[in-house]
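The values are calculated or read from the model by the stated rules, or taken from the named source; none is laboratory data. Treat the numbers as computed from the prediction; the structure is a model and nothing was measured. Cβ placement follows ideal geometry from the backbone for every residue including glycine, while neighbour counts extend to all protein chains displayed.
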Amino acid sequence: MDENNPVVDESLMSTAEVKGKHKRRHSKCRNFFTIEGDRMPDGKFKCVCNYCNHFYILDLHKSGTNTLLRHSKTCPKTPNNTCPKIDQLVFREMIVVAIVEHDLPYAFVEYRRVREALHYANPTIEFWCRNTAVSDVFKIFEREKMKLRQVLSEVPGRICLTTDLWRAITIEGYLCLTAHYVDAEWNLRAKILSFCAFPPPHSGPAIAMKLMELIKEWGLQKKVFTVTVDNASSNDNMQGVLKRQLRKDLVCSGDFFHIRCAAHILNLIVQDGLSVISDALEKIRDIVKYVKVSESRELLFLGCVETLGIVKKGGLVLDVTTRWNSTYLMLSRALHYKEAFKNLAEIKASYKGLPTESEWLRARLICDLLQPFDEMTRLISGSSYPTANLYFMEVWKIQSWLGSNEFHEDTVIADMVASMRLKFVKYWEEYSDILAIAAVLDPRLKFKVLEYCYHSSDPTTCKSRMDYIRKRMLKLYGDYKKNTSAHSSQEVEAYALPAGYGVSYLKPIL
């Protein structure tokens, strides 16, 4: 037996075998003793020390392993540096964090091979069960929650909330609440405050009650600026109830409180347009489906791509009804491999569904028309940079695009644009005040860009719109000035408005 690498008998890993669901309990003495021979007739074992060869005759199932443990602590030949000592609590937390970060099951800590590998790396490691891992996860969650609560309480500005509701395929409802804020170092942050089950009813008052509960739990009553939601009717009722409860703590009494989710509105606009032209895309959809339905056809199609020397640009994509950008992606990829489809039709005589040149042309027009929407979706969905200042210009671009294509020579495209324009008018005919102000505060845009956009869309209402935004911005400035601390007020005094100075304070940002 090699004294430096003693063999550990695995039977010592168990001091007692319990029937049913209970797991075997492991003893630390397994690192120091080896069972020699088989069980004796009287049920005892001969346990030999791996270092000094001293042995004990014990019935491990009755007398336990205390005798062996005492010897392991006093054995004169046990090397002190057999393996480095580790902080068991630190190690345990590292494993639990890995479970959370990599979506591992709690039973990971009980996997036999995992334990063997860890024991090989360091025999002093103490193992624990899945229930302990669950308990550790909750402890870490509560600790990190308290840290985040402290961070949010120290945020110098206001906090914007976004919330969403959805239903799983198992029909359970869930609610997610996210906080967006700028920290003291001017870094944009987004933190999920709650992701929880939300049983019916999913009415406006019920959602408002749950959100108010979470806002109080995080101590954000005096810090909320806006709440962004989708366009479900229940959310309109919810924001009204929530605004009444928070009104005294909201900026400008909640005038800017409700923000409609731009990405969701964009999705509704495009979905309306696609519903009109669905039949026009049927042949494109069919040829993609024809290739993707079997592996042999996919391989044949890839052969056509290579034969024609077409640069690969991702695989073919079949669109789904819930994601409009999947239709754009389907068209984009199909058009890229247009010649490969033609080649496939020549090779595969049974394939008769190739689109005509006019149908390919229409697919190209639709793809080009969808491209601005895809770019806007990507832009406003960014999470690593501010997007509020981008909203105004992007909405104006969409409005201009709809206007320029309203009388398209292709009747299918014209019908698509008309449908999209109706949805645009419903949600975006009136620009969001606070997001228009955000564009003004962007030094690249200022009031000049707003004036240009308003004038190009409707010259007759340009002046009234500009005056309205100036008044709203002045009101917002006044509210911030009023609520600024005494120390900050002194610092800002040099920029305060003289009596009767009106809106000319905006000149520096024109």
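Odds and ends about this structure:
- Pairing each residue of the range 166-183 that is assigned by TED's automatic domain parsing to the domain that holds Cys196 and farther than 11 Å from Pro200 by Cα with any residue that is surrounded by 15 or more Cβ atoms within 10 Å (Cβ to Cβ) and acidic (Asp, Glu), provided the two are 6+ apart or on different chains, yields C-beta distances under 8 Å for Leu175/Asp164; Cys176/Asp164.
- Matching residues in the range 285-294 - criterion: being touching a residue at least 12 places away in the same chain (Cβ under 8 Å) and over 32 Å from the mean Cα position of the chain (by Cα): Asp286, Ile287, Tyr290, Val291
- Applying the criterion of being part of a strand (DSSP E or B) and hydrophobic (A, V, I, L, M, F, W, C) to the residues of the range 147-167, the residue that is surrounded by the most Cβ atoms within 10 Å (Cβ to Cβ) is Leu161.
Table: residues versus (1) in a loop (DSSP other than H, G, I, E, B); (2) surrounded by 12 or more Cβ atoms within 10 Å (Cβ to Cβ).
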residue	(1), (2)
His180	no, yes
Ala184	yes, no
Ile192	no, no
Pro200	yes, no
Ile207	no, yes
Gly219	yes, yes
Phe225	no, yes
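Per-residue answers, yes or no, for (1) at pLDDT 90 or above; (2) polar (S, T, N, Q):
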| site | (1), (2) |
| --- | --- |
| Asn267 | no, yes |
| Leu329 | yes, no |
| Lys338 | yes, no |
| Asn343 | yes, yes |
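- Residue in the range 257-264 that is more than 26 Å from Ile469 (Cα to Cα), touching a Leu at 6+ places or on another chain (Cβ under 9 Å) and surrounded by 19 or more Cβ atoms within 10 Å (Cβ to Cβ) present: no
- Residue match in the range 416-426 (condition: more than 20 Å from Thr461 (Cα to Cα), in contact with a Ser or Thr (Cβ under 9 Å, 6 or more places away or on another chain) and without any contact (Cβ under 8 Å) to a residue 40 or more places away in the chain): no
- The number of residues in the range 300-332 being touching a residue at least 12 places away in the same chain (Cβ under 8 Å), aliphatic (A, V, I, L, M) and either exposed (fewer than 14 other Cβ atoms within 10 Å of the Cβ) or part of a loop (DSSP other than H, G, I, E, B) (or both) comes to 5.
- Of the strands (runs of 3 or more DSSP E) that lie entirely inside the range 1-78, those containing 2 or more residues that are farther than 30 Å from Arg130 by Cβ and modelled with pLDDT of 80 or more span 45-49, 55-58.
- Of everything in the range 432-478 that is modelled with pLDDT of 90 or more and acidic (Asp, Glu), the residue that is surrounded by the fewest Cβ atoms within 10 Å (Cβ to Cβ) is Asp467.
- Of the residues making up the range 391-406, just one is closer than 19 Å to Ile259 by Cβ and acidic (Asp, Glu), namely Glu394.
- Residue, nearest to Ile269 (Cα to Cα), within the range 227-243, restricted to residues that are crowded, with 21+ Cβ neighbours inside 10 Å and not polar (S, T, N, Q): Val229
- Just one of (1) in contact with a helix residue (DSSP H, G or I) (Cβ under 6 Å, 6 or more places away or on another chain); (2) assigned by TED's automatic domain parsing to the domain that holds Met212; (3) assigned to a loop (DSSP other than H, G, I, E, B) fails for Pro123. It is (2).
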